[in-house]
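Q: What follows is a single structure, and I will ask about it in a moment.
What follows is calculated from the coordinates using simple rules that are stated; it is not laboratory data. Every value quoted in this text rests on a predicted model; they were computed, and no experiment measured them. Note: ideal-geometry Cβ built from the backbone for every residue, glycine included; neighbour counts use all protein chains shown.
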Amino acid sequence: MKESEKTSRDNISSIAINTEKVLQVERRDFVDLVPEGRNRVQSMDGFDDIYTDIVDYIVRCTHRIWDERNIGLIYSHYTHNCVIYGTMGTVYNREDVVHDTIQRIVSMPERRGMATQVIWNGNDVDGFYTSHLVTGSGRHSQSGLYGEATGRNFTTRTFADCMILKNRIYCEWIVSDTMMLFRQLGLDPLAYAETMAKSRIEKGLTTFDIGENRRLLGQYPPESVADVSIANTELEAETLRWLHEAFNKRMFGVMKNVYAPTVQYHGPLLREITGAAGVLHQYLGLIGSIPDAGFMPQHVCSVECEEGGTKVAVRWLMEGHHLGFGILKSLGAPTGKRVQVMGISHFHYRDGKIVEEWTLYDEMSLLMQVRQAQMESEIA
């Protein structure tokens, strides 16, 4: 037996008598999510002693870094070569994570990021994966990253998916609703998108349009069967199947069998919608703006829920061209430019139906992509 396997089994044995479960976020106050004196309930080899399970880790370390201003903890909680994939760009090292964190706290020192839910899988041998939904509230009280201070209040949602091994995050995907933030602060989204696009062009980060996205192979129809190889459970596989049916095969009618009639949908731009018809309209509107889009799930995980049922997290990409009219009204008339949508969704299943959904993608990122492609065409 390998030493690492023996260590992990010893750790598991040492906590086997503890009947407490890994924390869940939804029903607990913050002080219950970061308890003092709680016994470790999960094997966490290589993690700091303060963390009792993986949910405690992701909630507590986020609080310690952002709210307690212990920004230097990034050095012990991220690898030096971590990669952070964001909707507005990618970060390739730990020092840039430190710099970006400082800038955001300086601009919005009153912001508080409240854990809404954490869906996870993995272990301390192979590594953990967490999908962390955060609701941020605060006031734009300082000039900085977003220009002159407006003094306005804001509320936004953010998803942060992390891959973690031995106390350190080595890969992260962040989807923030930047467009909603700009609307609440009364700022000009187009001006910001153009500034970001110009900065990317100056750095040599040009757009790349390969034409088709291979959702359709030549004159063939879409693949009839979804690839469910990344699923860990039958419910996760079934989720990937209906997503493929709806988004790649365009059989949106499948949603009537998936969603409860009274489903609650929490979407981009703080959209709050009740009912399956409203959810269907949102997704039709997204595809309407990018009618040739291909849907690609990248990760799926799930947890049994104390509220009843199961919660499933899916991180996904859509790629296509801005060829139509839909809900992405900030993009204006169809431009034909290639866009990539990075999104994360949390689905709460109960009695075989989705009763609540949280989905996020960043419309500001799409506006930046379109504007950058236009600026490059103008330069050419």
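Q: Along each principal axis of its Cα atoms, how long is the stretch 162-298 end to end? Whole angstroms, biggest number first, please.
A: The principal-axis extents, from largest down, are 45, 44, 36 Å.
Q: Apply the Karplus parameterisation 6.51 cos²θ - 1.76 cosθ + 1.60, with θ equal to phi minus 60°, to every residue of the stretch 252-263 and state each ³J(HN,Hα) to the nearest whole Hz, in sequence, with x for glycine and proline.
A: In residue order, the calculated couplings are 5, x, 4, 5, 5, 8, 9, 9, 5, x, 9, 3 Hz.
Q: Moving on. I'd like to know how the stretch 65-108 sits against the 2.2 N^0.38 Å rule of thumb: what's its Cα Rg over that expected value?
A: 1.12
Q: Continuing with this model, one more query. Along the stretch 54-66, what does the Karplus equation 6.51 cos²θ - 1.76 cosθ + 1.60 (θ = phi - 60°) give for ³J(HN,Hα), rounded to whole Hz, x for Gly and Pro?
A: Working through the residues one at a time gives 6, 6, 4, 4, 6, 6, 5, 5, 4, 5, 4, 6, 8 Hz.
Q: When N is the residue count of the chain, what does its C-alpha Rg come to as a fraction of 2.2 N^0.38 Å?
A: That works out to 1.01 for the chain.
Q: Next question, about the same structure. Would you calculate, for the chain, the mean residue ellipticity at 222 nm contributed by helices, counting each DSSP H stretch of 4 or more residues as -39,500 (n - 2.57) and dividing by all residues, to the nearest 500?
A: -9500 deg cm²/dmol
Q: For Ile102 and Arg250, what is the calculated FRET efficiency with R₀ set at 45 Å and r taken between the beta-carbons, to the nearest 0.05?
A: It comes out at approximately 0.50.
Q: I've got another one for you. Among 30-41, 183-194, 208-219, 116-127, what's the highest-first ranking by average C-beta atoms within 10 angstrom per residue?
A: 116-127, 183-194, 30-41, 208-219
Q: Give me the extension gain from Glu234 to Ser143: residue separation times 0.36 nm, minus the current Cα-Cα distance, reported in nm with one decimal.
A: 27.8 nm
Q: Determine the sum of side-chain charges near Gly309: Lys and Arg each +1, Asp and Glu each -1, restricted to other residues whose C-beta is under 11 angstrom from that of Gly309.
A: Local net charge: -2.
Q: Compute the signed sum of charges (Lys and Arg +1, Asp and Glu -1) over the other residues within less than 11 Å, Cβ to Cβ, of Arg241.
A: Net local charge, Arg241 excluded: -4.
Q: Whole number please: convex hull volume per residue, Cα atoms of the stretch 3-186, in Å³.
A: Per-residue hull volume (Cα only) is 113 Å³.
Q: In whole Å, how far is the Cα centre of the stretch 309-333 from that of the stretch 132-168?
A: Result: 22 Å between the Cα centres.
Q: First select every other residue whose beta carbon is under 13 angstrom from the beta carbon of Trp66; then total the charges, Lys and Arg +1, Asp and Glu -1.
A: Counting the neighbours of Trp66, the net charge comes to +2.
Q: What list of ³J(HN,Hα) values in whole Hz, one per residue of the stretch 77-82 in order, does the Karplus curve 6.51 cos²θ - 1.76 cosθ + 1.60 (θ = phi - 60°) give from phi, with Gly and Pro shown as x?
A: Couplings: 10, 10, 6, 5, 10, 4 Hz.
Q: Another question about this same structure. Based on Cβ point charges of +1 for Lys and Arg and -1 for Asp and Glu, what charge dipole magnitude is obtained for the stretch 3-186 about its Cα centre, in debye rounded to the nearest 20?
A: Dipole about the Cα centre, nearest 20: 580 debye.
Q: Here's something else I'd like to know. Given the convex hull of the Cα atoms of the stretch 234-379, what is a quarter of its surface area in nm²?
A: 8.4
Q: What size of dipole, in debye to the nearest 20, comes out for the chain about its Cα centre when the only charges are +1 on Lys and Arg C-beta atoms and -1 on Asp and Glu C-beta atoms?
A: So the magnitude is around 660 debye.
Q: Please build a GNM for the chain, connecting alpha carbons under 10 Å apart, and tell me which residue among Ser302, Ser43, Ser229 fluctuates the most.
A: For the chain, modelled as a Gaussian network with Cα springs under 10 Å, the answer is Ser229.
Q: Then there is this: In debye to the nearest 20, how big a dipole does the stretch 25-68 give about its Cα centre with +1 on each Lys and Arg Cβ and -1 on each Asp and Glu Cβ?
A: Dipole about the Cα centre, nearest 20: 100 debye.
Q: Which far-off residues, 5 or more places away or on another chain, put their amide H under 5 Å from the one on Cys301, with H placed in the peptide plane?
A: For Cys301, the qualifying residues are Ala313.
Q: Roughly how far apart, in whole Å, are the Cα centres of the stretch 46-72 and the stretch 92-113?
A: Between the Cα centres of the stretch 46-72 and the stretch 92-113 lies a distance of 16 Å.
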